[in-house]
Amino acid sequence: MKDSLIIALDFPNKGQVLNFLEAFESEQLFVKVGMELFYSEGPSIIEALKKQNHKIFLDLKLHDIPNTVKRAMKVLASFGCDLVNVHAAGGSEMMTAALEGLDAGTPSGLKRPDCIAVTQLTSTSEAQAKSEQFITGSLQESVLNYAELAKRSGLDGVVCSPLEAGMIHHRLGSEFHTVTPGIRPLESEMQDQKRTATPAFAREQGISAIVVGRPITHAANPLESYLKIKNDWKGVRL
Ligand code: C5P
């Protein structure tokens, strides 16, 4: 996962995904399949992406009782994905169960998918965390608390905002992965993302992987945009 640029395939169906990927014929990509695409196409979308040799982050953010998550993860691991996730709010028992499910479902000879936790959704504001979740400390403390819980539970990292990743690495070390959406190249529109950062900033923060959607999927030339963001992320000067 280290140093990956993950493209968020936020498309409604397989046809649009395959159409988009035509421009990337010679590139081996790391792609993210979210709820919309997975719920509309099912496991066949994973199969189609694997056939093209792309790495896959299946972003379904599981959050349920430990036994249910364990059984669901066993199924997800059988698809041969590279990365999956849960909500840290499900608790340490649920996160441990997720790992057990992944171990049980990983086909022999393959590595189990990495598993990361969502801490606080970046759409949650400080005021909301206080009034709706009764969080007494700051939102940052809550994010750190969840990240520590995820690490103690054996998870490989967290999904977080690029602005939180530095403090997470400072507290939990550079080996604990941070995966961050909300990445925007300098010249790009923000769309609905509020707290954004550039790929270069992400690199400076020691972030493990960045997730980029619309700056690539909605670009006039997606391949060109992808390569430009990748160079910025890897610190390549042209
Ligand atoms: O198009 P954009 O680059 O904003 O896409 C970001 C992707 O990351 C989307 O798939 C979005 O659902 C996801 N995401 C996010 N913020 C989070 C968690 C996931 O933007 N906190």
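The values are calculated or read from the model by the stated rules, or taken from the named source; none is laboratory data. Computed from a predicted model, the values in this text were never measured in an experiment. Here the Cβ positions follow ideal geometry from the backbone for every residue, glycine too, while neighbour counts run over all protein chains shown. What goes into the accessible areas is simple: the full protein's heavy atoms, side chains included, and nothing from ligands, DNA or RNA. Shrake-Rupley method; radii C 1.70, N 1.55, O 1.52, S 1.80 Å.
When the distances between all Cα atoms of the range 1-77 are binned every 5 Å from zero, what whole-number percent does each bin get?
Bin by bin from 0 Å, the calculated values are 3, 14, 26, 24, 16, 10, 4, 2, 0.
Suppose we take every Cα in the range 56-120 and form the convex hull; what volume per residue is that in Å³?
Each residue corresponds to 63 Å³ of Cα convex hull volume.
Select from the range 151-238 those GluC sites (Glu not before Pro) which occupy a DSSP coil region and have at most 16 other Cβ atoms within 10 Å, ordered by residue number. Could you put the intermediate results ahead of the total?
Numbers: sites: Glu164, Glu175, Glu187, Glu189, Glu204, Glu224; in loops: Glu175, Glu187, Glu189.
Here the sparse-neighbourhood loop sites are Glu175, Glu187, Glu189.
Tally up the carbon and sulfur contribution to the accessible surface of the chain as a whole percent, 1.4 Å probe, everything protein left in place. Don't jump to the answer; show the numbers that get you there.
Details: 5840 of 11690 Å².
So the carbon and sulfur contribution to the accessible surface is 50 percent.
Can you compute the radius of gyration and Dmax for the range 62-188, using only the Cα atoms, both in Å?
According to the Cα coordinates of the range 62-188, Rg and Dmax are 15.2, 48 Å.
Please report, largest first and rounded to whole Å, the three semi-axes of the ellipsoid equivalent to the chain, where each semi-axis is the square root of five times an eigenvalue of the C-alpha gyration tensor. Mind dumping the intermediate values first?
Numbers: eigenvalues 138, 111, 52 Å².
The answer is 26, 24, 16 Å, longest axis first.
Suppose every K and R has +1 on its Cβ and every D and E has -1 on its Cβ; what is the size of the dipole of the chain about the Cα centre, in Debye to the nearest 20? Write down the numbers at each step before the final one.
Working: 25 positive and 28 negative charges, 66 e Å.
About 320 debye.
May I ask for the percentage of alpha-carbon pairs in the range 160-238 that lie more than 16 Å from each other?
Values: 1461 of 3081 pairs.
Tail of P(r) above 16 Å: 47 percent of Cα pairs.
Within 10 Å of each candidate Cβ there may be at most 14 other Cβ atoms; applying that plus a DSSP loop requirement, which trypsin sites (Lys or Arg not before Pro) in the range 185-229 survive?
Filter output for the range 185-229: Lys194, Arg195.
Can you pull out the trypsin sites (Lys or Arg not before Pro) in the range 45-153 that DSSP calls coil and that have at most 11 other Cβ atoms within 10 Å?
On the way: sites: Lys50, Lys51, Lys55, Lys61, Lys70, Arg71, Lys74, Lys111, Lys130, Lys151, Arg152; in loops: Lys111.
Taking the range 45-153 and a limit of 11 other Cβ atoms within 10 Å, the loop trypsin sites (Lys or Arg not before Pro) found are Lys111.
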